[in-house]
Structures are given as structure tokens and as C-alpha cells.
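Peer 1: Got a structure here, written out as C-alpha cells. Questions coming.
Where a number appears in this text, it was derived from the coordinates with a stated rule and is not lab data. Remember, it's a predicted structure, so these values are computed and weren't measured experimentally. Don't worry about glycine lacking a Cβ; one is built from the backbone with ideal geometry, like all the others, and counts go over all protein chains shown.
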Amino acid sequence: MNHCGRGATVNDFDMLTALENWVEKGLEPESIAAKAGELYPNKAKQIPLCAYPKVAIYQTGEDPNRLTSYQCR
């Protein structure tokens, strides 16, 4: 995430808004949407960052670039 710098990965996400919504509104995030960073070759790529201990599982046959093609389990 932020500790690794600007590599070619899916690392563009808004953690601050998720934290504000959790603290101020009691809306605990199940996942946070992440999209391709500026160095990632596929700009359309999106994945969920799942709340621990869940992980993002790709739904076989779906578009691997779409956020909705993954489930947190």
C-alpha cells in the first residue's frame, strides 16, 4: 500500500474517506475500492481491498478488471 511507493500496481485508493465514515458515521468498511496507479499498464484495473481476515477472490469468467468481479471472503 502506501509504504511501498509508486510501483506498477493497483495502489490508488481513498483510505481517509473510509476511515472518516467509520469513525464519524459508524460505517465500518467491508472493502475499499482500489484502482490502477499511474505506473500500472492497465488503467482500467480495479480490485477491492478487503477487511482482514477476508481476501479478494476473483469470480471465474468475469472481467478481471472490474471491481464487481471480486468478492471478499
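Peer 1: When the helix-only estimate is applied to the chain (DSSP H runs of n ≥ 4, each -39,500 (n - 2.57), divided by the residue count), what is the mean residue ellipticity at 222 nm, nearest 500 deg cm²/dmol?
Peer 2: It lands at -4500 deg cm²/dmol.
Peer 1: If we count other beta carbons within 10 Å of each Cβ, what is the order of 67, 19, fewest first?
Peer 2: The order, fewest Cβ neighbours first, is 19, 67.
Peer 1: Right, another one. Given Cα pairs under 8 Å that are at least 6 residues apart, what percent is the relative contact order of the stretch 2-72?
Peer 2: With pairs under 8 Å counted, the relative contact order is 27 percent.
Peer 1: Could you tell me the largest-minus-smallest coordinate of the C-alpha atoms of the chain on each of the three principal axes, in descending order and whole angstroms?
Peer 2: Answer, in whole Å and largest first: 36, 29, 18 Å.
Peer 1: Here's something else I'd like to know. Rank 21, 42, 11 by mean-square fluctuation in a GNM of the chain with C-alpha springs under 10 angstrom and give only the top-ranked residue.
Peer 2: Highest fluctuation of the listed residues: 21.
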